[in-house]
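K.L.:
I'd like to ask some things about the structure below.
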Amino acid sequence: SRASIQTALRTLLAVPWPSQRDIGSALQLLAVLQWVLSFLLLGTVSLLLLIYLLFTSLWLIPVLYLAWIILDWDTPEKGGRRLPCLRRWTVWKHFRDYFPVKLVKTHDLSPSHNYIIGSHPHGILCVGAFCNFITGSTGFEELFPGIRSFLTALAGNFRLPVFREYLMSGGLFPVTRRAIGYLLSQRGTGNAVAIVIGGAAESLSCRPGVTTLILKNRKGFVRMALRHGAFLVPSFSFGENDLFRQVVFEEGSWMRSIQRRFQKMIGFAPCLFYGRGLTSCRSRGFLPYARPITTVVGEPVAVPKVENPSRELVDRYHELYIRALLKLFEENKTKPITTVVGEPVALPKVENPSRELVDRYHELYIHALLKLFNENKTEYGLSESDELHIL
């Protein structure tokens, strides 16, 4: 009836509409969700789908795509197919704001040189490295004009159908000598190749509050830098290890042995980790916790071009790089204390205020304080689940 329809409309209109902040939070969560699903499932799902299509009337699609991959097999190691428009997607701004991610510049990078940027630590999913060096959301191109950033990834990822196209379009390429050498020798100058030095082995030691870098015996990137005269640049993503919780098995345990063997056979280490759930930050799931990430790019280490560097020369510049990284870490590890000033509570002038009036404005002040805390807690290092208790 008309009365019931009117009642339903009034009920609908009485429901509070989501605020701009709620909409923004939802978009941030969706941006992170699509990224996590893409990296964890896109390659496997695409492969299974193409195999399935082989046994249907659509068999020609996987056959043609397979032929394309065969013809296109070497493209990932020859600079890939980067799409600049993908870096400007609005979704990456929501992705950045979820944590949030911030990029800090300490020194200029001259476009007349090429660079190898060491990215530390690996974390679970390399969120800081991806957001800063692949997306344009944190302003890398504005901070370092004339520099084109690239990021390396496990070579096996570029053997997976569809997923390889997704990776190449963003500016990722295999972490192989051939691929890195191509970018440092065939693309002129102004190229910055970011390499997550610790790799999959480092992810096994990832846990909040503890930073363990696998670097002492990782010298291949230094040898590549010397062969091409590429300057070495340390970078550190503070907060990377706080995004997930992981079951860390002790060295020598049978579970750690299984992880090591799996890593040697497949190329990556299976980690038992968890984050927040999709519907609530208090539940467990596969999404990263909203923790701030600050990536600091340090001072470049000048490297000469030596076609066949000796072991002693590699060790020398490896030591210089470690010193530059430690200096970067020590100078930036302490987070600045941030004081946030909130909105004022307007008070009338009353010479002899009653207890009721004092209680009323006291309550208004507490309400304003709680509002200030809840609106800013995730931006300055706390999680969405952290609470402020007034005693």
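The values are calculated or read from the model by the stated rules, or taken from the named source; none is laboratory data. Because the structure is predicted, anything quoted here is derived from the model rather than measured. Methodologically, a virtual Cβ is constructed for each residue, glycine included, from the backbone with ideal geometry; neighbour enumeration extends over all protein chains shown. Only protein heavy atoms, including side chains, enter the accessible area calculation; ligands, DNA and RNA are left aside. Shrake-Rupley method; radii C 1.70, N 1.55, O 1.52, S 1.80 Å.
K.L.:
Using a 7 Å offset from the Cα along the Cα-to-Cβ direction at both N308 and D22, what is the distance between the two label points in nm, to one decimal?
P.N.:
In this crude label model, N308 to D22 measures out at 7.0 nm.
K.L.:
Using the alpha-carbon atoms, what tilt in degrees (0 to 90, nearest 10) does helix 311-332 show relative to the longest principal axis of the chain?
P.N.:
For 311-332 against the chain, the angle is about 10 degrees.
K.L.:
When DSSP assigns beta bridges and you keep just the ones with both residues in segment 116-259, what percent turn out antiparallel, to the nearest 5? It would help to have the intermediate numbers written out before the result.
P.N.:
On the way: 1 of 17 bridges.
Antiparallel bridges make up about 5 percent of those DSSP assigns within segment 116-259.
K.L.:
Over the chain, what relative contact order in percent results from Cα pairs under 8 Å that are six or more residues apart? Display every interim value, and only then the final one.
P.N.:
On the way: 602 pairs, mean separation 69.3, N = 391.
Answer for the chain is 18 percent.
K.L.:
Give the carbon-plus-sulfur fraction of the accessible surface of the chain in %, rounded to a whole number; probe 1.4 Å, heavy atoms of protein chains only. Walk me through the intermediate numbers first.
P.N.:
On the way: 13310 of 22290 Å².
Answer for the chain: carbon and sulfur cover 60 percent of the accessible area.
K.L.:
Kindly rank 159-172, 39-52 from highest to lowest mean number of other beta carbons found within 10 Å of each residue.
P.N.:
On the way: 159-172: 20.1, 39-52: 14.6.
Top to bottom by mean Cβ count within 10 Å: 159-172, 39-52.
K.L.:
Now a separate question. Beta carbons within 10 angstrom, averaged per residue: use that to sort the peptides 124-133, 63-72, highest first.
P.N.:
Working: 124-133: 24.7, 63-72: 12.0.
Highest mean packing first, the order is 124-133, 63-72.
K.L.:
Separate question: Can you give the charge dipole size of segment 1-136 about its Cα centre, rounded to the nearest 20 debye, using +1 on the beta carbon of Lys and Arg and -1 on the beta carbon of Asp and Glu? List each step's numbers first, then the result.
P.N.:
Working: 12 positive and 6 negative charges, 119 e Å.
It comes to approximately 580 debye.
K.L.:
Still on this structure: Residue-wise, which Karplus ³J(HN,Hα) couplings in Hz belong to segment 363-371, taking 6.51 cos²θ - 1.76 cosθ + 1.60, θ = phi - 60°, and x for glycine or proline?
P.N.:
5, 5, 5, 4, 4, 5, 5, 5, 4
K.L.:
Here's another thing I want to ask about it. Per residue, how many Å² of accessible area does segment 192-322 show with a 1.4 Å probe?
P.N.:
Details: 6340 Å² over 131 residues.
In whole numbers, segment 192-322 has 48 Å² accessible per residue.
K.L.:
Which of the peptides 359-371, 273-285 is most tightly packed, and how do the rest follow, judged by the mean count of other Cβ atoms within 10 Å per residue? Kindly include the intermediate steps, with their values, before the conclusion.
P.N.:
Numbers: 359-371: 12.5, 273-285: 14.7.
Top to bottom by mean Cβ count within 10 Å: 273-285, 359-371.
K.L.:
Let me ask something else. By DSSP, what percent of the beta bridges with both residues in the chain are antiparallel, rounded to the nearest 5?
P.N.:
Details: 11 of 34 bridges.
Looking only at bridges with both residues in the chain, the antiparallel portion is about 30 percent.
K.L.:
Under the rule of -39500 (n - 2.57) per DSSP H run of 4 or more residues, summed and divided by the residues of the chain, what mean residue ellipticity at 222 nm is obtained, to the nearest 500 deg cm²/dmol? Intermediate results must be reported in sequence, preceding the final value.
P.N.:
Numbers: 15 runs with 166 residues, N = 391.
Rounded to the nearest 500, it is -13000 deg cm²/dmol.
K.L.:
Now for a separate question. Which pairs, out of K102/K333; K216/K327; K78/K219; K78/K216, put more than 20 Å between their alpha-carbon atoms? Can you show the working numbers first?
P.N.:
Values: K102/K333 14 Å; K216/K327 16 Å; K78/K219 23 Å; K78/K216 29 Å.
Listed pairs above 20 Å: K78/K219; K78/K216.
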